[in-house]
Every structure is written in C-alpha cells, then in structure tokens.
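Structure, as structure tokens:
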Amino acid sequence: MTQEELFKKLIAHSKEYGFIFPSSEIYDGLSAVYDYGQLGVELKNNIKKYWWDAMTRLHENIVGIDAAIFMHPRVWEASGHVGAFNDPLIDNRDSKKRYRADVLLEDYIAKQDEKIEKEVEKARKRFGDSFDEALFRQTNPRVAEHRAKRDAVHDRMVKALQDNDLQELRQIILDAEIVCPISGTRNWTEVRQFNLMFETKIGSVSEGANTIYLRPETAQGIFVNFLNVQKTGRMKIPFGIAQIGKAFRNEIVARQFIFRMREFEQMEMQFFVRPGDEMNWFNYWRETRMKWHRALGFGDDKYRFHDHEKLAHYANAATDVEFEFPFGFKEVEGIHSRTDFDLGNHQKFSGKKIQYFDTETGESYVPYVVETSIGVDRMVLQVLSAAYKEEQLENGESRVVLSIPAAIAPVKAAVLPLVKKDGLPEIAHRIMDSLKYDYNVQYDEKDSIGKRYRRQDAIGTPLCITVDHQSLEDATVTVRHRDSMQQQRVAIAELPALVADEVSLKKLLEKIMA
Ligand code: ATP
C-alpha cells in the first residue's frame, strides 16, 4: 500500500466509523471545514486532556484560561495580523483556480526531491549489494540536475518571501515552467497578498457597525490577560498561561484533510520569563514538548525538529516539531522564543503599562515569552495516521485496527455478552455500570463475537470484555487485548483495577517527566 493509498483509506475509515465528517455534507460539504463525530470528539477531548494536564498539572507555575474568540480589533493591529498575516496568491486564468504561490513552489521542490529518490531507488535495484548510495547521490548527473533545479528555486523563493517581492515570486513560477494542475497551462495572474483573517461585524448597522475578526490564533487572548492572571493568581515569573480554543484562518490551500482547516483548534501556552533567560526556557520547552509527543509510543523516528534558520523579526529562536504523516514530515507544533514583542506591542497600542515587578532583582520589565503552539486537529491526524493498521491474521482473515494509545482511545472497553439470553446481558450491564462512571464504555450484543471484536479493533478500543456461560458459574469474564489479541480470564471484581491500569493517563504523563 502506498502512502497515498493509506491516506485515502484513513479518510474513508474516519468517516465510516464516526470520527470525522465533512462539514454540511448533505449540502456537498464546505471546503476545509470538518465535523467531529461521536468517536472523533472523544479522541479529541482525550488529546486535549493529555495536553492540559501535562501543562497545568505537571507544572505548578502554569495556569489555564479560556478567552473569548472575539477580541477588540486593535488587538490584531498590535499583534501584526492586520498588516502582515498574508499569503501570496496567484490565479490561473484558464482554470480560474487560486493557489498560494509559495505552495506551488514548495510542490515543485518536493517533486524534484521525489525525482532524486526515484533515481536512487532505480540504481539500488540495478547495482544490488554493491550500491554505494552516498557516492551515487554525489556523482550521478541526473541527480545533480534535479538538485540544481531544486536548490535554485528554493533559494530564490526564500529570498523573495523574505523581501516580500511578489513579482519575483511570479517570475520563479514562470522560470520553473510550473503549470496549473487543473488546466495544465502557464497562464498566471500577478501575485497578490491576501489576508487570512475572517472578518465579521459586531453590533447592529444602525449603531455604526464595527469590523472585528475571528481570532486566527488563541495566543492573543493570553497576552491581553497577562496582568489579570499575574495579579489575581499572584504568579511569579517564570510562569505560563495555557489555553485551548478555536482559531480561524481563511486558508487558500485547503487540502490534506484535517491538516489544514479554515476552522481549527489550538493548544497554546505562553511562558513568561525574565529577559535573558529565554534561551534556557526555549530549550526546556523544546525537549519537554518532544517528550510529550514521544510518550505516545508511535516511535521516536516519526518525529524530528525543524529549526528555523530565517526567524521572524521579533523572534530569537524557533523550531517546529514535525511528524511523519503519510504525506511526509510536516509541522504539528511550533515552539518560539518571541522576546517582548507581544506584550511590548500591547503596551504600546493600549497605552496601558504591561510590566512585571521582579522582587528578586528589584526591577520592572516587560517579560519575554517562549510559546508552544500545537494544533489539536493535527494531533488527531497524527494519532489516526500512526494508529491505522491493516493486519493479516494467522487464520487467513484480515483486520483493520487502530492502535491508539489506550489512555487517549475514544472507547476504553467494550462489554460483549456472548449471547442475548440466559442472563448474560444482565451481567454485562452490571459490568457496564461498574465502569461507566470512570470510562467511556460500549455495550454490544449484535452479530458474532468475531465481528464485534473487529468493530472494536476498527475504532481502537483497547479492551473487549466478553461475558459467557462460565461467567454465570464463577463470575469471571474473558478480557481480549486489542493489539496482541491475547485473551485472559479475569474475575469480574478485578475489572475496574485492570481497566484502570491499562488506560491510565497518569502513566503517559509520568513518561514526560521521567
Ligand atoms: P503552517 O505553516 O502549516 O500553516 P503555521 O506555522 O502557520 O502552520 P502556527 O501559526 O505556528 O502555524 O500555528 C501553530 C499550530 O497550529 C501549527 O503547528 C498547527 O498545528 C496548527 N495550525 C495552524 N494552522 C492550521 C490550520 N489551518 N489547520 C489546522 N491546524 C493548524
């Protein structure tokens, strides 16, 4: 199965089993907007809890807030979003399709990379054991040709983006002979800047309507509440404020499922530090956030850092945590050292003093900020794509299983009476009652037990508890484990402890601090 096929299957599976639906589907959907179904919302809530607890419980100096989506319009001037939160857009005159100019170029670069990999694979097959890959990459003329094209476009693009040179961006597209994937032509318009913020009106028109924005990030709600939280919570620097909430961006390149959405959710934490201490904290959060990801157990090689060489003018360090999705390594989280840019600008734009009096040094200052910013939806996609497996079983059958870490699985256990009679459903319901206050558990009595196991495998339920006739005699049940498919006989009275051990979020959280 190619990665592309895997990704298609994942999207179909997510819909078929009630994880993710296209928005307003009966009206043919709304591009880049998705709804979470009955299992998707459970998975998402569990991911959020994992993050929230990792921030606010494992760190005594981090507290959470929940700020409104609507904010004063001046916030977005201070943050730089009104002036500079733009994407460079280009239209193809024949297909009338709109693209992000930088994405067209990135796709071109990715294509050259693919061509290089194909040459390497071909040669590997041709030369067999004697293949010297490093030498081949260095010396093969076709590889060199692809790489030269790639590097030339890459270097020109980086410079054009940095200089905000829209004409040059268009010229690179023309020079690289990039065609529109729909029309196949090179009939391109000029490149224009397009602001990604959604606008709406607040108040009635007669009152003099005011344009406000749907927030494109949650961070600003934290910055404008810095003093409120610091004072009311008597917080001492260093300290952090965490928030989970919706953000909106009018993304032009809407694709890759829930990777890039127009309405999405972020989990952001701004950590306020003494100026000069920011690099220590940046390194702390870089490591700590990577541990949070790796604790999920998908394999350390699935993650990498992408340190930014080109920094925003206000940042003095930035890195992305990238995860290997079926469409390649892509950003799931950004960790940025933002200096005093945000609080400093809010101080300037609001005219209010936003400072901290440091009792240790006897000085007042505008704190520096190290932020960690992660997309909930990208985490859901990360979990689903790492968890999705098609397995051939020894008995010749196959199964689709979602090996979701038990602590964040949507359903923790399924209780299955072997037959719908003889008092077995009653026992099963009693087991449900003993578990349902602590966990999301499912009851299922339809179809053969094999089919019921497959259904639970397909939604990632770590434990299946089967009630059979022996249960009537000795008050035991069979517990089947999702990944190993191993079964064990357990006393009903022991079930709460067994489930607790298996699905413990605590164990996951402990791994981060280990
Ligand atoms: P990208 O370069 O992929 O557009 P970004 O660098 O603009 O992302 P940030 O502004 O740093 O992203 O936002 C922090 C996090 O929010 C990202 O790492 C990502 O997980 C998430 N995120 C950003 N934009 C989207 C989106 N359109 N859909 C889903 N998640 C998003």
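The values are calculated or read from the model by the stated rules, or taken from the named source; none is laboratory data. Because the structure is a prediction, the values reported are computed rather than measured. Cβ sites come from the backbone with ideal geometry, for glycine too, and all protein chains shown count toward neighbours. Note: accessible area is taken over every heavy atom of the protein model, side chains too, but ligands, DNA and RNA are not part of it. Shrake-Rupley method; radii C 1.70, N 1.55, O 1.52, S 1.80 Å.
What number, rounded to the nearest 500 deg cm²/dmol, is the helix-based mean residue ellipticity at 222 nm of the chain, given -39500 (n - 2.57) per DSSP H run of at least four residues and division by all its residues? That comes out to -12000 deg cm²/dmol. Packing, taken as the mean count of other beta carbons within 10 Å per residue, orders the peptides 1-12, 124-135, 72-83, 381-392 from highest to lowest as 381-392, 72-83, 1-12, 124-135. When you restrict to C-alpha pairs under 8 Å that are six or more residues apart and normalise by the size of the chain, the relative contact order lands at 14 percent. Most tightly packed first, judged by the mean number of other beta-carbon atoms within 10 Å of their residues, the peptides 47-53, 492-498 read 47-53, 492-498. Share of carbon and sulfur in the accessible area of segment 301-403 stands at 43%, probe radius 1.4 Å.
Computed over the Cα atoms of segment 402-513, pair by distinct pair, the Kirkwood hydrodynamic radius stands at 14.1 angstrom.
Solvent exposure of segment 86-195, expressed per residue, is 61 Å² of accessible area, with all protein chains present and a 1.4 angstrom probe.
Its relative contact order, with pairs defined as Cα atoms under 8 Å and 6+ residues apart, puts segment 86-195 at 46 percent.
What is the antiparallel percent of DSSP beta bridges lying wholly in segment 402-513, to the nearest 5? In segment 402-513, DSSP labels about 55 percent of beta bridges as antiparallel.
Computed about its Cα centre, the charge dipole of segment 409-481 is approximately 360 debye, with only Lys, Arg, Asp and Glu carrying charge at their Cβ.
Placing unit charges on the Cβ atoms only, positive for Lys and Arg and negative for Asp and Glu, gives segment 86-195 a dipole magnitude near 400 debye about its Cα centre. Between the alpha-carbon centres of segment 375-403 and segment 133-150 there is a gap of 36 Å.
Averaging 1/r over each pair of different alpha-carbon atoms in segment 86-195 and inverting the result gives 15.3 Å, the Kirkwood hydrodynamic radius. Skipping prolines and chain starts, which residues have an amide H placed within reach, meaning under 5 Å, of the one on Phe239, given they are 5 or more residues away or on another chain? For Phe239, whose amide H was placed from the backbone, the distant partners under 5 Å are Phe272.
Here the accessible area is traced with a 1.4 Å probe on the protein chains. For segment 86-195, carbon and sulfur cover 49 percent of it.
Dipole check for the chain: with +1 at the C-beta of Lys and Arg, -1 at the C-beta of Asp and Glu, and the Cα centre as origin, the magnitude is about 580 Debye. Most simply put, the chain has about 85% antiparallel DSSP beta bridges, counting only bridges with both residues inside it. The mean accessible area for residues of segment 405-460, using a 1.4 Å probe and ignoring ligands and nucleic acids, is 45 Å² per residue. Seen from every direction in turn and averaged, the convex hull around the alpha carbons of the chain projects onto 31.9 nm².
For the pair segment 1-57 and segment 227-274, the centres of their Cα atoms are 20 angstrom apart.
Tell me the relative contact order for segment 416-479 as a rounded percent, counting alpha carbon contacts under 8 Å between residues six or more apart. About 39 percent, as a whole number. In the assembled protein chains, Asp320 presents an accessible area of approximately 10 Å² (probe radius 1.4 Å).
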